[in-house]
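Read through the structure below, which is laid out as C-alpha coordinates, and then see the notes.
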Amino acid sequence: MSETKNPLGLSSIPSVSSEGLVPVGRRTSLSSYLAALWNRRHFIIAESRAKMSSSTRKNILGYGWLFLNPLLSVLAFWFIFGFILQTSRGVPNFLGFLVVGVFFFGFTGKCMTGGTGAIRSGASMIKGFQFPRAALPISTVVRNFLDFMPTLLVMVIVLAVVPPLEVITWRVILVIPVIILQTIFNVGLACFLARLGHKIPDLTNFMSIMSRFWLYGSGVFFSIEDRLGKHPLLLEVMQFNPMHAYLTLVRNSLLYGVDSDPKMWIVGSAWAFGLLIFGFLFFWRGEENYGRL
(Lines give C-alpha, C1' and ligand atoms only; values in the text may rest on other atoms or scores of the structure.)
Protein backbone atom coordinates (compact mmCIF):
# COMPACT_ATOMS: atom_id res chain seq x y z
CA MET A 1 0.00 0.00 0.00
CA SER A 2 1.39 3.43 -0.90
CA GLU A 3 0.24 6.96 -0.08
CA THR A 4 0.09 9.59 -2.87
CA LYS A 5 0.31 13.37 -2.53
CA ASN A 6 -1.43 16.05 -4.53
CA PRO A 7 0.46 19.09 -5.99
CA LEU A 8 -0.11 21.08 -2.76
CA GLY A 9 1.75 18.44 -0.77
CA LEU A 10 -1.32 17.14 1.03
CA SER A 11 -1.72 13.42 1.44
CA SER A 12 -4.60 11.75 -0.33
CA ILE A 13 -6.36 8.40 -0.01
CA PRO A 14 -3.77 5.61 0.05
CA SER A 15 -3.75 3.34 -2.96
CA VAL A 16 -4.16 -0.40 -2.43
CA SER A 17 -2.80 -3.07 -4.72
CA SER A 18 -5.50 -5.19 -6.34
CA GLU A 19 -3.20 -8.17 -6.62
CA GLY A 20 -4.87 -11.33 -5.33
CA LEU A 21 -8.35 -9.82 -5.30
CA VAL A 22 -11.20 -11.24 -7.39
CA PRO A 23 -14.63 -9.78 -8.14
CA VAL A 24 -17.38 -10.87 -5.75
CA GLY A 25 -19.28 -13.87 -7.10
CA ARG A 26 -16.67 -14.94 -9.65
CA ARG A 27 -16.34 -18.68 -10.01
CA THR A 28 -13.13 -19.93 -8.43
CA SER A 29 -11.24 -23.08 -9.37
CA LEU A 30 -12.95 -26.33 -8.49
CA SER A 31 -10.36 -27.23 -5.85
CA SER A 32 -10.70 -23.82 -4.18
CA TYR A 33 -14.46 -24.06 -4.36
CA LEU A 34 -14.49 -27.47 -2.70
CA ALA A 35 -12.09 -26.24 -0.01
CA ALA A 36 -14.30 -23.22 0.71
CA LEU A 37 -17.36 -25.46 0.86
CA TRP A 38 -15.65 -27.79 3.31
CA ASN A 39 -14.60 -24.84 5.50
CA ARG A 40 -18.27 -23.86 5.75
CA ARG A 41 -19.55 -27.30 6.69
CA HIS A 42 -20.44 -26.08 10.20
CA PHE A 43 -22.47 -23.24 8.68
CA ILE A 44 -24.34 -25.72 6.45
CA ILE A 45 -25.26 -27.93 9.39
CA ALA A 46 -26.24 -24.97 11.62
CA GLU A 47 -28.34 -23.40 8.86
CA SER A 48 -30.09 -26.73 8.24
CA ARG A 49 -30.89 -27.16 11.92
CA ALA A 50 -32.15 -23.58 12.17
CA LYS A 51 -34.58 -24.08 9.26
CA MET A 52 -35.71 -27.39 10.67
CA SER A 53 -36.36 -25.82 14.06
CA SER A 54 -38.17 -22.77 12.65
CA SER A 55 -40.49 -24.90 10.50
CA THR A 56 -41.58 -27.08 13.43
CA ARG A 57 -41.85 -24.20 15.90
CA LYS A 58 -44.79 -22.77 13.95
CA ASN A 59 -46.89 -25.88 14.66
CA ILE A 60 -48.65 -26.69 17.91
CA LEU A 61 -47.26 -30.22 17.98
CA GLY A 62 -43.80 -29.06 16.91
CA TYR A 63 -41.46 -31.97 16.24
CA GLY A 64 -44.39 -34.34 16.68
CA TRP A 65 -45.32 -33.75 13.05
CA LEU A 66 -42.06 -35.38 11.99
CA PHE A 67 -43.59 -38.59 13.32
CA LEU A 68 -47.26 -37.97 12.51
CA ASN A 69 -46.83 -36.90 8.88
CA PRO A 70 -45.37 -40.19 7.62
CA LEU A 71 -47.79 -42.24 9.71
CA LEU A 72 -50.83 -40.38 8.37
CA SER A 73 -49.47 -40.60 4.83
CA VAL A 74 -49.05 -44.36 5.12
CA LEU A 75 -52.57 -44.69 6.54
CA ALA A 76 -54.06 -42.67 3.67
CA PHE A 77 -52.16 -44.56 0.98
CA TRP A 78 -52.98 -47.92 2.55
CA PHE A 79 -56.69 -47.08 2.50
CA ILE A 80 -56.62 -45.93 -1.14
CA PHE A 81 -54.23 -48.43 -2.70
CA GLY A 82 -54.41 -51.40 -0.36
CA PHE A 83 -58.09 -51.37 0.59
CA ILE A 84 -59.89 -49.69 -2.33
CA LEU A 85 -57.64 -50.41 -5.35
CA GLN A 86 -56.36 -53.73 -3.97
CA THR A 87 -52.80 -53.22 -5.19
CA SER A 88 -51.73 -55.29 -2.18
CA ARG A 89 -52.57 -58.52 -4.01
CA GLY A 90 -49.45 -60.61 -4.52
CA VAL A 91 -47.27 -58.31 -2.37
CA PRO A 92 -45.98 -59.96 0.84
CA ASN A 93 -46.32 -57.71 3.90
CA PHE A 94 -47.97 -54.92 1.92
CA LEU A 95 -48.02 -52.55 4.91
CA GLY A 96 -44.26 -52.84 5.34
CA PHE A 97 -43.85 -52.56 1.56
CA LEU A 98 -45.88 -49.34 1.64
CA VAL A 99 -44.11 -47.91 4.72
CA VAL A 100 -40.67 -48.30 3.13
CA GLY A 101 -41.86 -46.79 -0.15
CA VAL A 102 -43.56 -43.75 1.37
CA PHE A 103 -40.80 -42.93 3.86
CA PHE A 104 -37.82 -43.35 1.54
CA PHE A 105 -39.40 -41.69 -1.47
CA GLY A 106 -40.48 -38.78 0.74
CA PHE A 107 -36.82 -38.12 1.56
CA THR A 108 -35.86 -37.73 -2.10
CA GLY A 109 -39.09 -35.95 -3.05
CA LYS A 110 -38.49 -33.20 -0.48
CA CYS A 111 -34.88 -32.78 -1.62
CA MET A 112 -36.13 -32.55 -5.19
CA THR A 113 -38.62 -29.73 -4.60
CA GLY A 114 -36.50 -27.97 -1.97
CA GLY A 115 -33.36 -28.06 -4.10
CA THR A 116 -35.19 -26.53 -7.07
CA GLY A 117 -36.00 -23.37 -5.10
CA ALA A 118 -32.79 -23.28 -3.03
CA ILE A 119 -31.16 -20.35 -4.86
CA ARG A 120 -34.25 -18.17 -5.00
CA SER A 121 -35.18 -18.83 -1.38
CA GLY A 122 -31.62 -17.91 -0.37
CA ALA A 123 -31.49 -14.70 -2.43
CA SER A 124 -31.06 -12.41 0.59
CA MET A 125 -28.18 -14.51 1.90
CA ILE A 126 -26.51 -14.54 -1.51
CA LYS A 127 -26.66 -10.74 -1.76
CA GLY A 128 -25.41 -10.22 1.78
CA PHE A 129 -22.60 -12.76 2.11
CA GLN A 130 -19.86 -14.30 0.04
CA PHE A 131 -19.86 -18.10 0.25
CA PRO A 132 -20.00 -21.10 -2.10
CA ARG A 133 -23.57 -21.11 -3.36
CA ALA A 134 -23.60 -24.91 -3.40
CA ALA A 135 -24.03 -24.64 0.36
CA LEU A 136 -27.71 -23.79 -0.26
CA PRO A 137 -28.86 -26.96 -2.10
CA ILE A 138 -26.59 -29.09 0.12
CA SER A 139 -28.18 -27.46 3.18
CA THR A 140 -31.58 -28.47 1.82
CA VAL A 141 -30.49 -32.09 1.64
CA VAL A 142 -28.97 -31.96 5.15
CA ARG A 143 -32.19 -30.51 6.54
CA ASN A 144 -34.31 -33.21 4.92
CA PHE A 145 -31.86 -35.86 6.10
CA LEU A 146 -32.32 -34.61 9.67
CA ASP A 147 -36.09 -34.77 9.15
CA PHE A 148 -35.71 -38.28 7.72
CA MET A 149 -34.00 -39.70 10.80
CA PRO A 150 -37.11 -39.56 13.07
CA THR A 151 -39.20 -41.14 10.32
CA LEU A 152 -36.77 -44.05 10.22
CA LEU A 153 -37.47 -44.61 13.90
CA VAL A 154 -41.21 -44.57 13.20
CA MET A 155 -40.69 -47.02 10.34
CA VAL A 156 -38.76 -49.46 12.54
CA ILE A 157 -41.44 -49.29 15.26
CA VAL A 158 -44.27 -49.89 12.77
CA LEU A 159 -42.49 -52.85 11.19
CA ALA A 160 -41.71 -54.28 14.63
CA VAL A 161 -45.23 -54.16 16.10
CA VAL A 162 -47.61 -54.47 13.14
CA PRO A 163 -48.05 -57.99 11.73
CA PRO A 164 -47.00 -59.82 9.72
CA LEU A 165 -43.64 -59.71 11.51
CA GLU A 166 -40.57 -60.46 9.45
CA VAL A 167 -37.54 -62.45 10.55
CA ILE A 168 -34.64 -60.02 10.85
CA THR A 169 -31.43 -61.23 9.16
CA TRP A 170 -27.92 -59.80 8.91
CA ARG A 171 -29.00 -58.08 5.67
CA VAL A 172 -30.69 -55.35 7.70
CA ILE A 173 -27.30 -53.61 7.95
CA LEU A 174 -27.40 -53.14 4.16
CA VAL A 175 -30.02 -50.46 4.70
CA ILE A 176 -27.21 -48.15 5.87
CA PRO A 177 -25.28 -48.12 2.55
CA VAL A 178 -28.58 -47.68 0.71
CA ILE A 179 -29.33 -44.56 2.78
CA ILE A 180 -25.82 -43.28 2.02
CA LEU A 181 -26.27 -43.87 -1.71
CA GLN A 182 -29.68 -42.21 -1.69
CA THR A 183 -28.33 -39.19 0.19
CA ILE A 184 -25.45 -38.81 -2.29
CA PHE A 185 -27.99 -39.05 -5.11
CA ASN A 186 -30.12 -36.37 -3.43
CA VAL A 187 -27.15 -33.96 -3.21
CA GLY A 188 -26.47 -34.30 -6.94
CA LEU A 189 -30.17 -33.94 -7.75
CA ALA A 190 -30.56 -30.84 -5.55
CA CYS A 191 -27.49 -29.15 -7.06
CA PHE A 192 -28.64 -29.89 -10.61
CA LEU A 193 -32.17 -28.63 -10.02
CA ALA A 194 -30.98 -25.59 -8.04
CA ARG A 195 -29.30 -24.11 -11.13
CA LEU A 196 -32.29 -24.93 -13.32
CA GLY A 197 -34.63 -23.42 -10.72
CA HIS A 198 -32.56 -20.23 -10.72
CA LYS A 199 -32.96 -19.92 -14.49
CA ILE A 200 -36.62 -20.95 -14.65
CA PRO A 201 -38.75 -19.48 -11.79
CA ASP A 202 -41.77 -21.67 -12.59
CA LEU A 203 -39.78 -24.88 -12.32
CA THR A 204 -40.57 -25.24 -8.60
CA ASN A 205 -44.28 -25.67 -9.35
CA PHE A 206 -43.53 -28.01 -12.24
CA MET A 207 -41.26 -30.22 -10.15
CA SER A 208 -44.01 -30.84 -7.59
CA ILE A 209 -46.05 -32.37 -10.45
CA MET A 210 -43.07 -34.35 -11.74
CA SER A 211 -42.52 -35.65 -8.22
CA ARG A 212 -46.00 -37.23 -8.31
CA PHE A 213 -45.30 -38.97 -11.62
CA TRP A 214 -42.00 -40.23 -10.23
CA LEU A 215 -43.82 -41.41 -7.09
CA TYR A 216 -46.22 -43.58 -9.06
CA GLY A 217 -43.48 -44.84 -11.38
CA SER A 218 -41.14 -46.00 -8.61
CA GLY A 219 -43.20 -48.85 -7.21
CA VAL A 220 -44.12 -47.10 -3.98
CA PHE A 221 -47.70 -48.46 -3.90
CA PHE A 222 -47.42 -51.62 -5.98
CA SER A 223 -44.91 -54.11 -7.31
CA ILE A 224 -43.64 -52.97 -10.70
CA GLU A 225 -42.58 -56.52 -11.56
CA ASP A 226 -46.13 -57.82 -11.04
CA ARG A 227 -47.88 -54.94 -12.78
CA LEU A 228 -45.56 -54.76 -15.80
CA GLY A 229 -44.88 -58.47 -16.20
CA LYS A 230 -46.68 -58.48 -19.56
CA HIS A 231 -44.61 -55.56 -20.82
CA PRO A 232 -40.99 -56.74 -20.62
CA LEU A 233 -39.53 -53.75 -22.48
CA LEU A 234 -41.22 -51.21 -20.20
CA LEU A 235 -40.25 -53.30 -17.17
CA GLU A 236 -36.61 -53.28 -18.29
CA VAL A 237 -36.69 -49.49 -18.59
CA MET A 238 -38.24 -49.14 -15.13
CA GLN A 239 -35.41 -51.20 -13.67
CA PHE A 240 -33.11 -48.21 -14.26
CA ASN A 241 -35.24 -45.88 -12.14
CA PRO A 242 -32.93 -44.94 -9.22
CA MET A 243 -35.75 -44.76 -6.67
CA HIS A 244 -37.01 -48.18 -7.70
CA ALA A 245 -33.49 -49.51 -7.10
CA TYR A 246 -33.21 -47.92 -3.64
CA LEU A 247 -36.68 -49.09 -2.57
CA THR A 248 -36.02 -52.63 -3.80
CA LEU A 249 -32.70 -52.79 -1.93
CA VAL A 250 -34.28 -51.62 1.33
CA ARG A 251 -37.30 -53.91 1.05
CA ASN A 252 -35.20 -56.98 0.28
CA SER A 253 -32.80 -56.24 3.13
CA LEU A 254 -35.28 -55.11 5.77
CA LEU A 255 -38.60 -56.82 4.99
CA TYR A 256 -37.85 -60.01 3.15
CA GLY A 257 -34.32 -60.87 4.26
CA VAL A 258 -33.18 -61.91 0.78
CA ASP A 259 -30.24 -60.99 -1.39
CA SER A 260 -30.86 -58.28 -3.96
CA ASP A 261 -29.94 -58.57 -7.60
CA PRO A 262 -26.42 -57.09 -8.01
CA LYS A 263 -27.88 -55.06 -10.86
CA MET A 264 -29.86 -53.03 -8.31
CA TRP A 265 -26.67 -52.14 -6.44
CA ILE A 266 -24.96 -51.16 -9.69
CA VAL A 267 -27.90 -49.00 -10.78
CA GLY A 268 -28.16 -47.31 -7.37
CA SER A 269 -24.41 -46.62 -7.14
CA ALA A 270 -24.12 -45.39 -10.73
CA TRP A 271 -26.99 -42.94 -10.26
CA ALA A 272 -25.66 -41.72 -6.90
CA PHE A 273 -22.07 -40.95 -7.89
CA GLY A 274 -22.84 -40.11 -11.51
CA LEU A 275 -25.47 -37.51 -10.63
CA LEU A 276 -23.34 -36.15 -7.77
CA ILE A 277 -20.45 -35.40 -10.14
CA PHE A 278 -22.61 -34.13 -12.99
CA GLY A 279 -25.00 -32.14 -10.82
CA PHE A 280 -22.29 -30.52 -8.73
CA LEU A 281 -20.18 -29.53 -11.75
CA PHE A 282 -23.28 -28.22 -13.51
CA PHE A 283 -24.09 -26.07 -10.47
CA TRP A 284 -20.50 -24.87 -10.02
CA ARG A 285 -20.27 -23.64 -13.61
CA GLY A 286 -23.20 -21.30 -12.97
CA GLU A 287 -21.71 -19.82 -9.78
CA GLU A 288 -21.26 -16.32 -11.27
CA ASN A 289 -24.95 -15.98 -12.13
CA TYR A 290 -26.60 -16.76 -8.80
CA GLY A 291 -26.38 -13.20 -7.49
CA ARG A 292 -28.47 -11.88 -10.39
CA LEU A 293 -31.96 -12.27 -8.96
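The values are calculated or read from the model by the stated rules, or taken from the named source; none is laboratory data. All values reported here derive from a predicted model rather than from experimental measurement. Note that each Cβ is placed from the backbone with ideal geometry, even for glycine, and that neighbours are counted across all protein chains shown. Keep in mind that these areas ignore ligands, DNA and RNA; they rest on the heavy atoms of the full protein, side chains included. Shrake-Rupley method; radii C 1.70, N 1.55, O 1.52, S 1.80 Å.
Structure data summary
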| read-out | value |
| --- | --- |
| Residues satisfying the stated conditions in the stretch 253-267, i.e. aliphatic (A, V, I, L, M) and buried (at least 22 other Cβ atoms within 10 Å of the Cβ) | LEU254 |
| Within the stretch 228-252, considering residues that are in contact with a Ser or Thr (Cβ under 8 Å, 6 or more places away or on another chain) and farther than 23 Å from LEU193 by Cα, the one least open to solvent (accessible area, probe 1.4 Å) | LEU249 |
| Counted residues, the stretch 189-207 - those being out of contact with any Gly (no Cβ under 9 Å at 6 or more places or on another chain) and part of a helix (DSSP H, G or I) | 3 |
| Options PHE282, PHE278; residue that is open to solvent by 40 Å² or more (accessible area, probe 1.4 Å) and touching a Lys or Arg at 6+ places or on another chain (Cβ under 8 Å) | PHE282 |
| Within the stretch 122-152, considering residues that are among the hydrophobic types (A, V, I, L, M, F, W, C) and without any contact (Cβ under 8 Å) to a residue 12 or more places away in the chain, the one farthest from LEU98 (Cα to Cα) | PHE129 |
| Single unsatisfied condition, SER73 versus (1) modelled with pLDDT of 75 or more; (2) open to solvent by less than 20 Å² (accessible area, probe 1.4 Å); (3) of a type in the set (Gly, Ala, Ser); (4) farther than 30 Å from ARG133 by Cβ | (2) |
| Qualifying residue in the stretch 165-172 (condition: charged (D, E, K, R), in a helix (DSSP H, G or I) and either touching a helix residue (DSSP H, G or I) at 6+ places or on another chain (Cβ under 7 Å) or farther than 19 Å from GLY101 by Cβ (or both)) | yes |
| Test result for GLY115, under 12 Å from the mean Cα position of the chain (by Cα) and open to solvent by less than 50 Å² (accessible area, probe 1.4 Å) | yes |
